[in-house]
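Below you'll find the structure, written out as C-alpha cells, and then a few comments.
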Amino acid sequence: MKTVLVTGAAHRLGACIATLFAQSGWRVLCHYDRSQDAAQALVGHLRAAGHAAQAVQGSLQDEAGCQALMAQVQTQTDRLDALVNNASTFIDDTGLDFNSAQALQQLRVNLLAPLLLTRQMARDLVPDGAQGCALHILDQKVYNLNPDYFSYTVSKLALERAVALQAQSLAPRLRVCGVAPGLMYLSGPQTADNFRQAASANLMRRPTDPQDVARACLFLASTASITGTVLSVDNGQHLVPLPRDIMFVVDDLLKGLSP
C-alpha cells in the first residue's frame with residue numbers, strides 16, 4: 001500500500017485531497033497543526049469507511065518543526081510515496097503596508113516548509129531504487145498577477161519556481177510537480193454573494209471544484225513520467241487578467257450596485 005502525507009489535511013482542500021487518496025487505496029497521513037479535533041474526525045471517518053489513515057501533528061513555522069513532523073512520519077512508515085504540500089497561511093497586505101513579521105510567517109509556512117519537507121522526504125523516506133513524488137499546492141495568482149495579498153503571492157511565486165528547481169535537484173529519487181487551483185472556497189471577509197460572482201469570473205463561469213484539484217494531485221502522484229510540471233486547475237481563471245484580486249473587484253462592483 002502506498003503512503004501519502006498531506007499537510008493541512010484537517011479542513012477544506014487538504015481534507016478533500018486526503019479523502020480521495022484514501023478512497024483510491026493509499027494510506028494517508030493527515031497533518032494538522034492546531035486543528036486536532038477536525039483532523040481526528042477526518043481520520044475517524046476514513047477508518048470507519050475501511051481506509052488506512054493516521055493523524056500527525058506538527059508546526060511548519062520553522063525547520064525544527066518540519067524536522068519533528070517528518071520524524072513523526074518515520075515512526076508511522078519507513079517509506080513515503082507522495083507528499084502533498086497543501087498547508088499555507090493567507091494574510092491580506094500590499095506592497096506598501098506589509099508587515100515584515102507576517103510576511104516572514106507566510107514565507108516560512110508557504111515556501112520554506114514545503115521545500116524542507118520535500119528535501120527531508122528525498123533524504124530519509126525514499127529507499128534506494130525507489131521513486132517518490134512531492135506536490136506543491138500553488139495558486140492561479142502566480143500566472144495572473146495583481147498587487148493584492150502581496151506577501152502571500154510572493155511566497156507562492158517562489159514556490160512555483162521551486163517546482164522545476166527541486167525536480168532537477170532531487171531527480172531521480174523524487175519527482176516534483178505543482179497544482180495551481182482557482183477560487184474554491186469563501187476566503188477571509190468574503191461574503192457569499194461576493195463568492196458566487198467572483199468564483200464565476202473565469203472562462204467556464206463556475207467555481208473550481210476541490211475534487212478536481214484532488215484528482216489532479218492523485219494523477220500527478222500516480223504518473224511516473226511527469227516531473228517539473230504545474231497543472232492549472234482553475235476553469236481558466238489565470239487567463240482572465242484583472243487589476244486587483246477578484247474578491248475586491250466584485251466587492252467594488254457590488255458597492256456600485258447598492259442603492
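What to note about this one:
- Of the residues contained in segment 94-108, one or more are found to be closer than 27 Å to Thr77 by Cβ, crowded, with 17+ Cβ neighbours inside 10 Å and either touching a residue at least 24 places away in the same chain (Cβ under 8 Å) or not polar (S, T, N, Q) (or both).
- Among residues of segment 99-144, those that are of a type in the set (Asp, Glu) and within 22 Å of Leu13 (Cα to Cα), counted: 1
- Checked against (1) more than 15 Å from the chain's Cα centre (by Cα); (2) surrounded by 20 or more Cβ atoms within 10 Å (Cβ to Cβ), Asp128 passes all but a single condition, namely (2).
- Those helices (runs of 4 or more DSSP H) of segment 143-225 in which 3 or more residues are of a type in the set (Gly, Ala, Ser) and within 18 Å of Asn85 (Cα to Cα) occupy 150-170, 210-222.
- Residue within segment 5-14 that is in a strand (DSSP E or B), within 16 Å of Phe219 (Cβ to Cβ) and either basic (Lys, Arg) or modelled with pLDDT of 95 or more (or both) present: yes
- Residues being surrounded by 15 or more Cβ atoms within 10 Å (Cβ to Cβ) and either farther than 22 Å from Phe219 by Cα or of a type outside the set (S, T, N, Q) (or both) - total across segment 73-87: 8
- Residues that are under 20 Å from Cys16 (Cβ atoms), at pLDDT 95 or above and out of contact with any helix residue (DSSP H, G or I) (no Cβ under 7 Å at 6 or more places or on another chain), drawn from segment 156-205: Met204
- Considered as a group, the residues in segment 62-103 that are closer than 21 Å to Leu145 by Cβ and among the hydrophobic types (A, V, I, L, M, F, W, C) include one that is farthest from the chain's Cα centre (by Cα), and that residue is Leu96.
- Among residues of segment 192-217 that are over 13 Å from Val233 (Cα atoms) and of a type outside the set (A, V, I, L, M), those with a Cβ under 8 angstrom from a residue that is assigned to a loop (DSSP other than H, G, I, E, B) and at pLDDT below 90, sequence gap 6+ or separate chain, pair up as Phe195/Leu186; Phe195/Ser187.
- Number of the condition not met by Gln76 [criteria: (1) touching a helix residue (DSSP H, G or I) at 6+ places or on another chain (Cβ under 6 Å); (2) closer than 13 Å to Thr3 by Cα]: (1)
The values are calculated or read from the model by the stated rules, or taken from the named source; none is laboratory data. In this text, all values refer to a predicted model and were calculated from it rather than measured experimentally. Cβ sites come from the backbone with ideal geometry, for glycine too, and all protein chains shown count toward neighbours.
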